[in-house]
Structure formats: C-alpha cells, structure tokens
Amino acid sequence: MYNNIYFNIAALFIYIVILFFYFQKKHLPVLQNKIYAAFVITALMATITDIGTAILPLYATSLPSGWFWTINVFAFLTLDSLPAIYFVYCLSVVDYFKDISGRKLRMIHLKIALPAILNIIIIVLSPFVYRYTGYVLAFKIGAGNVYYRGGFWFIILHIIATYYNALSVTFLIRYRNRISPQKLTFILSYIVMAVVSLGIQMIFPKYLVTCFGISLACIMISSLIQTPEDFIDNTTEIFNRAAFIRMTSYYFSSRKKFLCISVMLDDIVFLSNTFGIQKLNGFQRSIAEYLEHEYPDCELYFLNNGSFVLLWQDYNSHDIEKAVFNLRIRFNHPWTFEGIELKLYAHNCVIECPVDCHSTEELVDIMDLLIEDSKNRRGTIYAKNINTTDKRRTAFIAHELRTAMYKNLFEVNYQPIYSVADDSIVGAEALIRLHTEDGQYISPEEFIPVAEKSGDILRLGLFVFESACQMLASVDIEEYGIRKIDINLSVAQCMQDALADQILTIRNIYQIPSSILNLEITETAAAYTPEILLRNLDKLANEGIELALDDYGSGYSNMNYLLNLPFKMIKIDKNIVWRAFTDKRAKMALEATIAMIKKLGMTVLAEGVEDKIQKQILSDMGCDYLQGYLFSKALSQKEFLELMKKESVQLDTSMEDSKFDGLN
C-alpha cells in the first residue's frame, strides 16, 4: 500500500460504535442531536472515502480515471464539510438560535452557507476545470491515475476550514456561561484533535491519522455532552421533566404551535402507600408503554407525580377530541401489572400553545397546579378555563423569597406597644418585612405561608429573633425605656426539638435580659401541643422569657391553651376588638374574656386600636397593653429607637415635674 490506512480502519470502527449506540437510545428532536448525528455520519463517510483514496492507487493501471476523480471528490466534500457542521453544532450547544431572529438570523445563515458553497464549488469543479483547461483548482488525477493536490484554491479550502474553526471558538467563548467549563473543554477538543492529527499527517503523509483524531474528539463529545440519559426518566423510560422544559422552551422561542394533553393519575400517595413504590412504578411504566404504542406520532414525557404529557406539533380539533376520547375509554378499564389488576383514575388537561400560555414557566405552572389542586381533578379540563393568576403569584413570591434569603433583603420593623399603666410606649412587636430588589413590597400575609410550605420559615424566625437581639444589644435599654420586645414563633418553629436551645443561645450571645423578651405563639401552633412544644415552652418559661398566646379569638379558642401552657400574656385578635365596637354581644364577650384572663393572673394586650375611644374603653375593660395605628404604624429600627428615645425623655420630664409638684 502507498498509505497506512490502519488509523482510518480504527476510526471507522469508532464511528460505527458511536452511531450504533446513538440510534439505540432516545434523543430529543433538537438541533444539537440532529447536527451531532449528521457530523458523525459525515465523518464516517469521510473515513470510508479516505480509505478509498488510499486503496485505489493499487489499481491505478486497471481502473478508469473516473473512479479516482469520484472517490476524491467525495473524500474532499465530506472531510471539508466537517468544520461547517461542527460550527453549527457549537451554535446549537450554546442555544444560539433561540435568541436571534430577523437580520441576525439571516447574517448567521450567510456566515454558514457562503463559505460552504464556495467550498463545494471548488471541489466539484476541480475535475471539469482540469479536464477542459488543465488548470488545477484543488487536486488532479494525472497520467497513470496519479493523484496530486495543491495550488491556490487548495489553500482556500484550508482557509475556509480555518474560518469555521475560528468562528466556533469565538462563539463558544462568547457564550461560555451557557455551558460548564468541562463541556467547553470537550467541545473544543475537536479543533485540537483535528489540527494535531492534520499536522501529523502533513509531516508523515503516509499515515492517514486525520479521521482518527476527529473520531477521538467524537468519543469525548459523545461521553460528556451527548448524554440522552439526562433526559430519560428511569421509571418509565420516556422523556423526563428536564426534556419537557427544554423542548417546550425551544418551541416557544421558535414561535411554533403545539398541543399538550396531560394525563395525571389521582391519589398517587395512596397508591404508593398501598402497593409500594415498586408496584406503582410498574403501573406507570405500563401506562407509558400504552401511550407510546397508541400515540407514536407525538412526543411523550413523564413529569413525576404520576403526570404524563403527550405533545403534538401538527394537530387539529379532531385530533384533540379523538385523543381525549381514547384516553377516557382506556382509563375506564383496569390496568394489570404482575398479576395485580387495578383501576387507575386520571384526569386530563388540554393546553394549546401559545394560545393558552406563552412560556414554559406558565405551562409548567398549569401542570403543577392541576397536580396539587384537587378541585381540578374532574375528567378533562381545558387550560383556557383555568385561572393561573394565584399560582403564578405564589411562584413569583417563592422566587423572591429565595432571592431575599440569598441577598439578605429582609428587614425587621417594630410595631410599638403602649402600656396603659405607664401611659407610654414601652416596647414593640418585631415584624419581618420584604422588599424585592426593584423595591416592590410583599406583604407577610403573602410570603409567610409560602415560607411555611417550603420550610424557610425556620430561618426567617431565627432571623427576626436575632435581629431584635442585635437591636437591643446596640443601645442602652434602660436609657431608651425599652421594657418588652415581642417576637412571633411559627408553627414549624414550635415543632423543632432545638427551638428553645437556639433561642437561648442567641440570647446569651447578645446578653439580653430574659424579662424583655416575649415570644408569641399563635392559636394554630398551640392547637398542636405535642410533647415537643410543651418541652420548648417550659424551658423558655423557666429561663424567664415571657410567653404570649397571639391572635386569641381568631381560631378555635380553647380554655386548655390558657390552663395547660405557660402563657403570661394573651393578645386579643384585632378582628375581635373591632367587632366589639359594632356588636353589643361581641362587646360583652370581650369584657368577659378580658376579665377571665385577668383572674387567671395573665396580662392582656388588645390589637388593632385605631382611635382614642377604643383606647379608653379597652383600658377601662382592664387591658394592660394596646397596639395599633393610634400609637404608630410599624417602624424601621432607626425610627423605633428615635421614638423610644423621645418617649423616654418625655417620661423623665414628667417624673421631674411630679417631684417638683410634690415639693410645692
């Protein structure tokens, strides 16, 4: 042989193995996967034709020259098209096409197409130009079928390849934040391997190593970047939630019309507890197999929690009706797995995009809403009839909550507390507040329930307590006349074994007198009264920290709370207070409640005091403390300390005047 083709033979087997495993797996129908398959197939053809160009010279005297021209044309076309295909692959990996349209899209198309067309023209015209003019464009087959390449236009082919490689590197570096550093390294390995192997072949022309070097790069790209397993659900062996998000994001950005029909199993928790997770997974796999067989023309996804999605790109109203009808009929019959026959109940939702929603976020919101909300579990639902405003608001608050915790956007305000006996402000209730980065205020009534559901309320509770302790430690408490700071405890906090220890540790760090701290527990938390709550409250009470039952009267008020838990103060809910001034019976009930609490040896705080009449009547009823807009709205830490300083000065002046009057 004139050339050593063993490297090409090795490359040939590598490409065959890569393609074999590629087509054995499910791949998302995205540009990246399609281009990668085209790249490997083209590289395979380049390897085969390169082997052909090495073998044919052995038969130079017995074969017609047309064979030599043809095999070399295909060898050039396939090998020289790889840089262009690789450039498009790089663009697809960084999702470049999803962000551009119009003029920018046309420009990138020209950048890809024009050099490629010039490349094809030079290669295809080489036989004809040489035959009719004797001029060598890129290569020639001379007398005795001797192969020769070179000349000006051959250099142009190398320049075009260099152009594509340079563009690939440029775009990869520009959009490197869209992929991990490791993936970036593996993608760039193609250029390194191609350049190194081409250099070796130029130094040692008989060793055809170019295709082998590219095959090694393909192995690295296949092992790390082309990983379809990331998008396959292990239970059902169909596309997973990540695949659904990626594909629908692509469809929305491409302004493509598509249809989603969800199939959501009811009572997943019950099924899991009854039959076990393995049996449940088996039934879900059976459903996936049925859907794959029955709807081969659609994309099928599994979003967890027993939720499947059928996605069509080409559909009409008849397709929707037929699919919904067939699904309803099938789920009217039992499913069988490992000898167990089970009737599964499911509901469907029909979502036409981009008519019913305009982004993947909205689409997933609808799916999650239907999974979580039992009110929507009724046969077939059409997304156009669903109100997702509340769901989107909750999702927005959850996002802002995470951002605020990460960037420390929370602050603690203080709602002043008035002492009837002292006729002055003696402290405040610490209240958490949240403003987003753009200054938008989110009410605690909105973000507290979201934080409770996510578990973030534990961190928020400790944040408020520590912030209050920091504030107290920063001033002379006696000078400012601060005698009490009330801090709320959530239900979740009360259920934590370590609650009392955490609070006492923070108190000790800042050396705050226990008598100033008053922890408020809502009726909701008190209603649970397990051993953990009792232990926490007893430990805190024994340390001298005052405990208060908050919002008394707002829930299922129970005498047991007052008798069995170590409360020293009861806070009357503002709604009970307000009603007492419009309803005689409510007023009588409030008077009796206050009198009962006082007989039990506890102090009383009334919330929601808004005018002087309410202040006087509540004081006459026996309230020890009052709180409401009559005295002040919630203040920032700076404003609260300024208020307490002012109150302290006025109180000192009043006491001096009293002493002077006594002397006279």
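The values are calculated or read from the model by the stated rules, or taken from the named source; none is laboratory data. Please read all numbers here as calculations on a predicted model, not as lab measurements. Quick reminder, even Gly has a Cβ in these numbers, built from the backbone with ideal geometry, and neighbours come from all protein chains shown. Ligands, DNA and RNA are stripped out before the accessible areas are found, and what is left, the full protein with its side chains, is counted by its heavy atoms. Shrake-Rupley method; radii C 1.70, N 1.55, O 1.52, S 1.80 Å.
Okay, here's what the table says:
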item: Qualifying aspartates and glutamates (Cα of each under 13 Å from Cα of residue 322; at least 8 residues distant if same chain); result: 294
item: Listed residue (32, 162, 72) projecting farthest to the positive dipole end of the chain, Cβ model; result: 72
item: Additional length obtainable on full extension of the chain from residue 598 to residue 539, 0.36 nm per residue less Cα span; result: 18.8 nm
item: Proximal aspartates and glutamates relative to residue 407, as straight alpha-carbon distance under 14 Å, when same-chain residues fewer than 8 apart are discounted; result: 437, 438
item: For residue 235, distant residues with modelled amide H under 5 Å away; result: none
item: Residue order for 335, 578 - accessible surface, 1.4 angstrom probe, largest first; result: 578, 335
item: Pairwise FRET efficiency - residue 497 versus residue 305, Cβ, R0 = 35 Å, nearest 0.05; result: 0.70
item: Residue 55-residue 380 pseudo-label distance in nm [points 7 Å out on the Cα-to-Cβ vector]; result: 5.8
item: Highest to lowest packing among 19-30, 307-318, scored as the average C-beta count within 10 Å; result: 307-318, 19-30
item: Whole-Hz ³J(HN,Hα) from phi, Karplus 6.51 cos²θ - 1.76 cosθ + 1.60, for region 311-326, glycine and proline x; result: 10, 10, 9, 10, 7, 9, 4, 5, 4, 5, 4, 5, 5, 4, 5, 5
item: Estimated vicinal HN-Hα couplings, Hz - region 436-441 in sequence order (Karplus 6.51, -1.76, 1.60; Gly, Pro = x); result: 5, 4, 8, x, 6, 8
item: ³J(HN,Hα) computed for each position of region 10-23 - Karplus, 6.51 cos²θ - 1.76 cosθ + 1.60, integer Hz, glycine/proline x; result: 4, 4, 4, 5, 4, 5, 4, 5, 4, 5, 4, 6, 4, 7
item: Debye, to nearest 20: dipole size of region 554-642, +1 on Lys, Arg Cβ, -1 on Asp, Glu Cβ; result: 200
item: FRET efficiency for residue 564 and residue 438, using Cβ-Cβ distance with R0 set to 51 Å, rounded to 0.05; result: 0.60
item: List 69, 153, ordered by accessible area with a 1.4 Å probe, largest first; result: 153, 69
item: Tensor-based shape of region 281-373 (alpha-carbon gyration tensor, a/c under 1.5 rounded, otherwise prolate or oblate); result: prolate
item: Cα shape, region 220-337, gyration tensor, a/c 1.5 rule; result: oblate
item: Calculated FRET value between residue 531 and residue 452, using beta carbons and R₀ = 25 Å, to 0.05; result: 0.70
item: Probe 1.4 Å, protein heavy atoms only - accessible area per residue of region 120-246 in square angstrom; result: 53
item: Heavy-atom accessible surface of the chain: percent carbon and sulfur, 1.4 Å; result: 57
item: With DNA, RNA and ligands ignored, accessible area of residue 321 (1.4 Å probe; Å², nearest 10); result: 120
item: DSSP bridge orientation in the chain - percent antiparallel, rounded to nearest 5; result: 60
item: Nearest 10 degrees, 0 to 90: helix 181-203 Cα axis against the chain principal axis; result: 20
item: Accessible-area value, residue 106, 1.4 Å probe, nucleic acids and ligands omitted, Å²; result: 150
item: Net length gained if the chain between residue 180 and residue 149 were fully extended (0.36 nm per residue, minus Cα distance); result: 7.1 nm
item: Computed lengthening from residue 297 to residue 459, 0.36 nm per intervening residue step minus Cα-Cα distance; result: 53.4 nm
item: Entries of 484/598; 25/98; 598/638 with Cα pairs more than 23 Å apart; result: 25/98; 598/638
item: Distant-in-sequence amide H partners of residue 623 (H built 1.01 Å from N, under 5 Å); result: none
item: The chain - charge dipole about Cα centre, Lys and Arg +1 at Cβ, Asp and Glu -1, debye rounded to 20; result: 3620
item: Estimated 222 nm signal from helices in the chain, with DSSP H stretches of n ≥ 4 weighted -39500 (n - 2.57), rounded to 500; result: -19000 deg cm²/dmol
item: Unsatisfied cross-links (Cα-Cα over 32 Å) in the set 34/140; 587/645; 453/568; 26/140; 539/574; 104/140; result: 34/140; 587/645; 26/140; 104/140
item: Residues of type aspartates and glutamates that residue 633 reaches as a straight line, Cα spacing below 17 Å, ignoring anything fewer than 8 places off in the same chain; result: 411, 429, 445, 486, 573, 607, 610, 611, 642, 647
item: Angle between the chain longest axis and helix 612-621 axis [Cα atoms, degrees, rounded to 10]; result: 60
